[in-house]
Structure formats: C-alpha cells, structure tokens
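Comments concern the structure below.
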Amino acid sequence: MIISMENFAKKYCIITYGCQMNLHESEKLAGILQTLGYFNTDDETDADIVVFNTCCIRENAEKKAEGNIGALKKLKRDKKDMIIAVGGCMTQQKGYAEKLMKKFPFIDIVFGTHNLENFAELILERTESKKHIVKVDDKEGKIVEGTPKARSSFPNGWVNITYGCDNFCTYCIVPYVRGRERSRDPEEIIKECENLISLGYKEITLLGQNVNSYGRDLGNIDFATLLRRVSALKGDFRLCFMTNHPKDLTEDLVKAIAESDKTARTVHLPVQAGSDRILKLMNRHYTREEYLEKIALLRKYMPDVSITTDIMVGFPTETEEDFNDTMSLVKEVRFGGAFTFVYSPRSGTPAAKMAGQVPEDVSKERIIKLIDLQNGINREQSRAYIGKTISVLCEGYDDRKKKYLGRDTYGRMAYFAGKGLIGKFVNVNIKKAGGISLMGELLSVEEEKDF
Ligand code: 5AD
Ligand code: SF4
C-alpha cells in the first residue's frame, strides 16, 4: 500500500479573482504556503486554509468574492480550525478591512496588497494567538525579493517588472490600492528570467500595470533596454509583456519589439474610448489621433502585428456620439482581440463623483453592440487562418474538448490532438475557425532552436 504524505499534511486552497498580476501573486502565496508545509487542493471543503486573493477593479469582481466568502460561513462553523484569509486589492481600499470583518466575523486574517510578503508570519501569529488579524499597511514598502513562488502556469512564467501605478486614470482604483509605481532591479528580473529558461519555461511574460514606464524611478534604464536584455538571453522562448500605455509607447520601444526574434507579434494597447472628450475626462493623456499614430508606428515596423485592447463603455457623460467614436475606432484599427467592460464606479476615484453617470440599460445596449462588432472582426481574422500552418506553443490540455491548446505569436488560440505536447512549439495546420479560436491538425513538433 502506498501512503501519500498529502493525505496527512495540511492543505491550502487559493481562490483568485482578477488579472494576471493577481494570478501571479497567488503563485507567491502558494509558494509561501508550501514553504510552511501545506499541500495544494482545489476543494475548499478539504482545505485547512482557504485564501481569497481578491480584485476590486469592477464592482462585479468584488460582489463575486464577497459571495464566495459568505458561502464558507457554514464550513467554518463545522471546521473551527480552518483558517480563512482574505487578501488582494479589495482589502486595500480605505476602511474596507473593518467593513469586511464586520460582515464576515469568521474571517481569520485580512491582509493588504503591501503585506503579501508577511503572509507566513500572519498565519503563524493567527495559529499561536487565535486572535483575528488585520494587517493592511496603507503605504507601499520597498520591493521584497526572494518570495518563494509555486508556479502553476508552465510553460508560461510570469515575471513582475513594476508594481503599482502613477497614472491615475479617473475611473481606476489601481493607483489607490497598489500604491506608487516601483520598478524592480533589472538584475533581479534577468536572474528570474534565466532561471525560468533553465527550468524549461517557453514563454516569459513581463508584468506591470504599465510596463512602458519601467525604469522611470530607477533613472538608468528604460523598458526598451530591459526588453532588449531579456530578448538577448540564450534559450528558445517567446517573450511577452503587459500591459502598455499608449502615451508611453515610444518609437525606440517599437523598434526593440520588432528587432527581437523572441518577442511575440502581439501588443496589448488599451485604448479605453474613441472619443477625445471622454479620453480627456478619463485622464488618459492621448487623443484618438495620437492613439492611431501609435497603431501606425507599430504597423510600420511590424506590418503583421496583432494589436489587442481594453475598451470601456458608459463612462460618465458618454453620449451616443462618443460611443459611435469608439465603434468607428474599433472598425478602423481592427483589433486582434478586445476586453470590453461596462464602466463601474469605484469609490474614491474622481469619475465616481462625476455628474452624468450613464444609465445601466444604455451601457448594456452599447456593450452588446461593441462585442458584436469585435466578434465579427475576430471571426474574419480567424477564418483567414484556414489552410495555413502556424507555430503554436502548446500550453495545456482541455479536458472537455479532449484536445491540446496553445497560442501562436499573434496570441491566437488553437486546439489540436496529440500526445505529450505541453511546453513544446508545434506546427499546426488550421482546418476550422471558431469565433476567436482555431481547430487544427498537428503536423510536427519543432526542434529546439539554438539561440
Ligand atoms: N470600470 C470598468 N472597467 C475598468 N477598468 C479599469 N477600471 C475600470 C472601471 N472602474 C478596465 C480598463 C483597464 C482594465 C484592466 O480594466 O479597461 O484597462
Ligand atoms: Fe488603472 Fe490607468 Fe494605471 Fe491602468 S494605467 S492601472 S487603467 S490608473
């Protein structure tokens, strides 16, 4: 009989909301928990500690997390020793931790975005004292290096390059909950990338709220230089980065992306809106024309580049004419993909206090039209793939579809049958196109390139 340690050891379950940044932070939380001897489980009823890594960028993310926390009340009553911890952006909002403890008094630990690195101490403190713990520092400290990471995204490795944001777009809560922009030491970034490559990771994604302003606080390096340095590392890998801000995307950076044989031919460039009046109210620091100039610059150096974006509808005072400006911009640019959002007022941001909040039904109508338009563009772009053979990095297996999946350099997802392909670059001949994804036949596994 084989007895697994996992049957006796303590287990953790992490529930993550929001963006890549949060998913990567959950890898750090998992690393800390594994260092303390916990094993992973996806079943919260089986866990000794459940961690909610929350997001507050829109109200629905917050509501979902609160609903899921509330649902654990009964479980906690039956399993008194189970620890429930809540961290991430939601807890960092002014006065929120207290509100949360009042609403859900069974929570054991509340920790803010600036306290992730102290998580181990907070668990030990809770275990020893049995007191409820609230640790939410309102100011960011120095960047802490060396936090263990239990990565769960192979063959993609996420690497933080900046933390926080200084842009203060008027709708956005991020600068308030993530603090001022801090750039990570380039040598630490290079070390982490080298380590990932040596472990066989095939895609590196440099992460920050605005990677384009990397190094502004360091003074002796910028993002283009960092990108060139990472791209020059020996190894067969694809290099990605997100997210960008149009105001900071320079010609030198575009050249650095274009020159590199490792950077993916996809750039995520959030536009948010197509109307100059709304862009100004959003404090985005560019006009529609200036945004289109950045698109032209990217296409000048990389004619085939796929540009993806974030777009919002229903920002305060948005008229039908403003919305039509967004629609016409989408038609003009023909994005390779778009994340579309209905504006959600966030307490403490300037936009939440603006007159002229747009009624929900109007926003809903607009977002349906916008999604429809972008879906049509996605479909046309996908159809153009039929018959072509593309190079795909196989990143996972879809249990439902019983197919492997991966993306090409333009970020387009393809499904295909095969065996033992995760972490390999493969050639896939495209037979069918769905809305945003493709269906193909595996032709060959690529030889490892010698860079
Ligand atoms: N309401 C709706 N969408 C928002 N975003 C940021 N803040 C809000 C908000 N208050 C969107 C932006 C951003 C993306 C990550 O989330 O489009 O680029
Ligand atoms: Fe928010 Fe604007 Fe910063 Fe992006 S750039 S995180 S939208 S404030």
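Taken together, the values in this text are just the output of simple stated rules run on the coordinates, not laboratory data. None of these values were measured; they are calculated from a predicted model. With ideal geometry, Cβ positions are generated from the backbone for all residues, glycine too; neighbour counts draw on all protein chains shown.
In table form, for the structure just shown:
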item	result
Listed residue (LEU227, LEU206, ILE189) projecting farthest to the positive dipole end of segment 156-274, Cβ model	LEU206
Calculated over segment 211-264: convex hull of Cα atoms, volume per residue (Å³)	79
Potential extension, ASP310-THR225 segment - 0.36 nm per residue separation minus Cα distance	28.0 nm
Simple label model, 7 Å out from Cα along Cβ direction - THR319 to MET354, nm	1.4
Proxy reagent accessibility, fewest Cβ within 10 Å first, across LYS142, LYS388	LYS142, LYS388
Percentage relative contact order, segment 389-445, counting C-alpha pairs under 8 Å, at least six apart	34
Cβ charges +1 (Lys, Arg) and -1 (Asp, Glu), total dipole of segment 153-264, debye	160
The chain: calculated mean residue ellipticity at 222 nm from DSSP helix runs of at least 4, using -39500 (n - 2.57)	-10000 deg cm²/dmol
Euclidean distance of C-alpha centroids, segment 16-87 and segment 390-438, integer Å	30
Estimated distance in nm for a label pair at LEU199 and ARG383, the labels positioned 7 Å out from Cα along Cα-to-Cβ	4.3
Rounded, prolate or oblate (a/c below 1.5 giving rounded, otherwise prolate when a/b exceeds b/c) for segment 22-78 by Cα gyration tensor	oblate
Antiparallel content of DSSP bridges confined to segment 296-451, in %, to 5	70
Other-chain or far-sequence residues with amide H under 5 Å of PHE339's (modelled H)	THR309, ASP310, ILE311
Net dipole in debye of segment 217-359 [+1 Lys, Arg Cβ; -1 Asp, Glu Cβ; about Cα centre; nearest 20]	400
About the Cα centre, charge dipole magnitude for the chain (Lys/Arg +1, Asp/Glu -1 at Cβ), debye	860
Hz values of 3J(HN,Hα) by residue in segment 170-180 - Karplus curve (6.51, -1.76, 1.60), Gly and Pro given as x	5, 8, 9, 8, 3, x, 7, 9, 10, x, 6
Karplus-derived 3J(HN,Hα), 6.51/-1.76/1.60, for each residue of segment 227-236, Hz, glycine and proline x	4, 4, 5, 5, 5, 7, 5, 6, x, 9
Sequence-distant residues sharing a close amide H with ILE83 (under 5 Å, placed H)	ILE49, VAL50
Share antiparallel - DSSP beta bridges, segment 389-445, percent rounded to 5	90
Cα-based shape type of segment 389-445, given that a ≥ b ≥ c are square roots of the gyration tensor eigenvalues and the cut on a/c is 1.5	rounded
Highest average packing first - 418-430, 174-186, Cβ atoms within 10 Å	174-186, 418-430
Reachable aspartates and glutamates from LYS262, criterion Cα separation under 13 angstrom, eight or more residues apart if same chain	GLU203, ASP236, ASP408, ASP450
Antiparallel DSSP beta bridges within the chain, as percent of all bridges there, nearest 5	35
Contact order relative to length of the chain, as percent, for alpha carbon pairs under 8 angstrom and 6 or more apart	10
Vicinal HN-Hα couplings computed from phi for segment 257-274 (Karplus, 6.51 cos²θ - 1.76 cosθ + 1.60; Hz; Gly/Pro x)	5, 5, 5, 7, 8, 10, 5, 5, 8, 9, 10, 8, 10, x, 9, 6, 7, x
For the chain, with +1 on Lys and Arg beta carbons and -1 on Asp and Glu, the positive-most of THR127, CYS240, ILE143 along the dipole	THR127
Distant-in-sequence amide H partners of LYS262 (H built 1.01 Å from N, under 5 Å)	none
Cα gyration tensor category, rounded, prolate or oblate, for segment 11-135 with a/c compared to 1.5	rounded
Kirkwood estimate for the chain, i.e. one over the average of 1/r between Cα atoms, Å	23.6
Nitroxide proxy distance, nm - points 7 Å out along Cα→Cβ at LYS331 and ASN68	4.0
